[in-house]
Amino acid sequence: MNILVTGSDGYIGNGLVRKLLAEGHTVHCVDKKIFYNLESDGVSGIVRPCDDIKDITVEQLRPIQHIIHLAAISNDPAAELDARLTWETNVLYTLQLIDRAVKAGVPQFTFASSGSVYGLKDEDRVTEDLELVPLTDYNKSKMCAERILLSYRDKIGLTIIRPATVCGISARQRLDVVVNILTSQALKNKTIKLFGGDQVRPHIHMSDMHGLYLAIIKNPKAYQGIFNAGFENLTNKELANLIAKSTGAAIVTTTSNDNRSYRLCSDRLLAAGFVPQHSVDEAVNDITNAFKNGSLKDGPETQSVQWLKSYYGK
Ligand SMILES: NC(=O)c1ccc[n+]([C@@H]2O[C@H](COP(=O)([O-])OP(=O)(O)OC[C@H]3O[C@@H](n4cnc5c(N)ncnc54)[C@H](O)[C@@H]3O)[C@@H](O)[C@H]2O)c1
């Protein structure tokens with residue numbers, strides 16, 4: 001199948017591209033390569049129609065059977081660095097992409113939104129039907145992109161995924177997402193600083209994130225609509241305990257005046273047939289082992305916001 005992955009060289013995208021190539025797909029990759037590029041690791045055989053999603057043409061989209069749209073300015077502080085570029089990238093270019101995809105006759109569009117579109121919720125079951133109260137430019141841009149995409153749902157197959165925070169190893173490593181950052185700091189400082197501890201956050205392992213996109217590509221009809229994707233809602237204390245067990249670091253607890261929680265209920269995804277197979281514990285152990293055996297280093301490109309500052313010349 002001809003599959004277009006935008007954000008193909010990012011934290012999630014590069015591993016997904018490798019898996020798609022291994023399954024025999026023709027993979028069209030569009031990425032500005034801000035942090036990493038697949039070719040630097042010897043990945044070959046991909047099609048590169050252009051680098052910036054804003055430049056893709058209807059002609060280049062004609063052979064595509066499924067778009068996995070991951071390209072974005074992808075977290076809160078990075079989004080705030082250049083709000084205009086964030087809104088252009090995450091919303092305007094998403095609108096242009098689906099519009100051109102419809103014109104080209106692409107049958108299916110899958111979008112990486114974010115579980116953060118709900119804002120902070122008291123409900124134990126944060127389902128897809130709850131009101132969205134996004135708090136930051138990043139969250140708001142994802143909500144607006146969703147609304148635009150939904151206006152095209154009668155013209156193209158559409159899947160919107162709202163992932164929890166992803167954890168685990170990638171060739172474009174991010175150490176600015178919670179599990180990864182706490183594990184790397186535990187190894188470096190031999191302590192885990194825990195503020196409060198009862199706040200709940202949802203997580204998804206990188207391999208399950210990839211597995212989900214692969215499942216949607218295999219059977220898009222089963223996954224039409226909006227789906228949360230987060231399979232472990234852990235308190236910060238539970239997460240710190242996992243990391244302490246894997247790294248040997250000590251937990252230092254201080255009080256926090258921010259005890260708000262945010263969970264995800266992914267029952268709709270489970271009902272569609274998706275079966276998660278990996279855990280946060282596994283991601284923590286993988287990161288610990290990768291640091292210990294030297295295959296993972298804490299380089300400047302692992303912190304999206306610092307890296308983008310120099311990329312933007314700020
Ligand atoms: N990582 C997470 O925990 C998480 C959680 C929820 C949702 N998401 C979403 O999943 C997607 C992928 O996230 P990630 O962690 O891999 O982020 P990432 O920042 O590692 O990857 C994003 C990629 O998009 C590229 N890009 C940015 N602007 C572009 C443009 N105009 N044209 C082409 N490429 C462009 C960047 O070069 C980068 O490689 C994003 O949409 C993100 O919002 C991620």
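Summary table
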| read-out | value |
| --- | --- |
| Matching residues in region 94-121 - criterion: being crowded, with 21+ Cβ neighbours inside 10 Å and within 14 Å of the ligand (Cβ to nearest atom) | 94, 97, 109, 110, 111, 112, 113, 114, 115, 116, 117, 118 |
| Checking residue 52 against (1) within 14 Å of the ligand (Cβ to nearest atom); (2) out of contact with any strand residue (DSSP E or B) (no Cβ under 8 Å at 6 or more places or on another chain); (3) of a type in the set (D, E, K, R), the condition it does not meet | (2) |
| Which numbered condition residue 26 misses (of (1) more than 9 Å from the ligand (Cβ to nearest atom); (2) surrounded by 23 or more Cβ atoms within 10 Å (Cβ to Cβ)) | (2) |
| Positions within region 298-314 being loosely packed, with under 12 Cβ neighbours inside 10 Å, part of a loop (DSSP other than H, G, I, E, B) and either at negative phi or touching a Leu at 6+ places or on another chain (Cβ under 6 Å) (or both), in sequence order | 299, 314 |
| Strands (runs of 3 or more DSSP E) within region 22-134 that include 1 or more residues touching a His at 6+ places or on another chain (Cβ under 6 Å) and in contact (Cβ under 8 Å) with a residue 12 or more places away in the chain | 108-112 |
| Set 169, 204, 192, 217: member being over 30 Å from residue 20 (Cα atoms) and among the aliphatic types (A, V, I, L, M) | 192 |
| In region 1-23, residue farthest from the ligand (Cβ to nearest atom) [restricted to those that are in contact with a Ser or Thr (Cβ under 6 Å, 6 or more places away or on another chain) and farther than 25 Å from residue 313 by Cα] | 2 |
| Long-range neighbours under 7 Å by Cβ, at least six apart or interchain, first residue at pLDDT 95 or above within region 269-283, second part of a loop (DSSP other than H, G, I, E, B) | 276/231; 283/168 |
| Qualifying residue in region 146-155 (condition: more than 27 Å from residue 174 (Cβ to Cβ) and either within 12 Å of the ligand (Cβ to nearest atom) or surrounded by 20 or more Cβ atoms within 10 Å (Cβ to Cβ) (or both)) | no |
| The listed residue being touching a Phe, Trp or Tyr at 6+ places or on another chain (Cβ under 8 Å) and among the hydroxyl-bearing types (Ser, Thr, Tyr), out of 261, 207, 295, 266 | 266 |
| Output for region 272-297, where each listed residue is within 20 Å of the chain's Cα centre (by Cα), under 18 Å from residue 12 (Cα atoms) and surrounded by 12 or more Cβ atoms within 10 Å (Cβ to Cβ) | 276, 278, 279, 280, 282, 283, 284, 286, 287, 296 |
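The values are calculated or read from the model by the stated rules, or taken from the named source; none is laboratory data. Keep in mind it's a predicted model, so treat the numbers as computed, not measured. Every residue, glycine among them, receives a Cβ derived from its backbone with ideal geometry; neighbour counts consider all protein chains shown.
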